[in-house]
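This report refers to the structure that appears directly beneath it.
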Amino acid sequence: MTSHQVVEHLIGSIEEEFEGYEIYIENNPDHYRGGYEWSVCKDDEMLHSDLAFSIESAITEAKDFILALNKNEDFMLTTINPLPLKSPS
C-alpha cells in the first residue's frame, strides 16, 4: 500500500485583520522544509513571526499570540493605572 501526503501550497498570501492587528501568512521561503510563515503586525511594525505546518495552524497560532498580547496589555494597564477605589460614603 502506498501512502501519500497532501501538501497545501498557498498561491500569494493571506491577509486578515483580527482585534486591530494584521495577520499575514505566506509560504515558507524554505521550500525544503515547507509549511507557512506567519506574522502579526500593527501600525506597519512586525511584532512577531513564526512557522506553522498548515494554514489553519498558522491562523490559530497568530490569533493566540494576539489574544495573549491583548491579555498582557490589559494586565499592564490595570497594574500601572489601577482603578480608583471608591471612597466610603
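The values are calculated or read from the model by the stated rules, or taken from the named source; none is laboratory data. Note that the coordinates shown come from a computational prediction; the quantities given were computed from them, not determined experimentally. Methodologically, a virtual Cβ is constructed for each residue, glycine included, from the backbone with ideal geometry; neighbour enumeration extends over all protein chains shown.
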Item to complete: Within the range 37-55, identify whether any single residue is at pLDDT below 95, of a type outside the set (D, E, K, R) and part of a helix (DSSP H, G or I), and answer yes or no.
Response: yes
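I'm trying to understand the selection: among the residues of the range 24-53, which are surrounded by 13 or more Cβ atoms within 10 Å (Cβ to Cβ) and under 16 Å from G12 (Cα atoms)?
The first filter runs over the range 24-53 and keeps only residues surrounded by 13 or more Cβ atoms within 10 Å (Cβ to Cβ), leaving 24-28, 34-42, 47-53.
Y24, I25, E26, N27, N28, G34, G35, Y36, E37, W38, S39, listed by residue number.
Scan the range 9-36 residue by residue and report those that are assigned to a loop (DSSP other than H, G, I, E, B) and either of a type in the set (D, E, K, R) or within 15 Å of D50 (Cα to Cα) (or both).
To start, the set of residues in the range 9-36 that are assigned to a loop (DSSP other than H, G, I, E, B) comprises 9-12, 19-20, 28-35.
Residues satisfying the conditions are E19, N28, P29, D30, R33, G34, G35.
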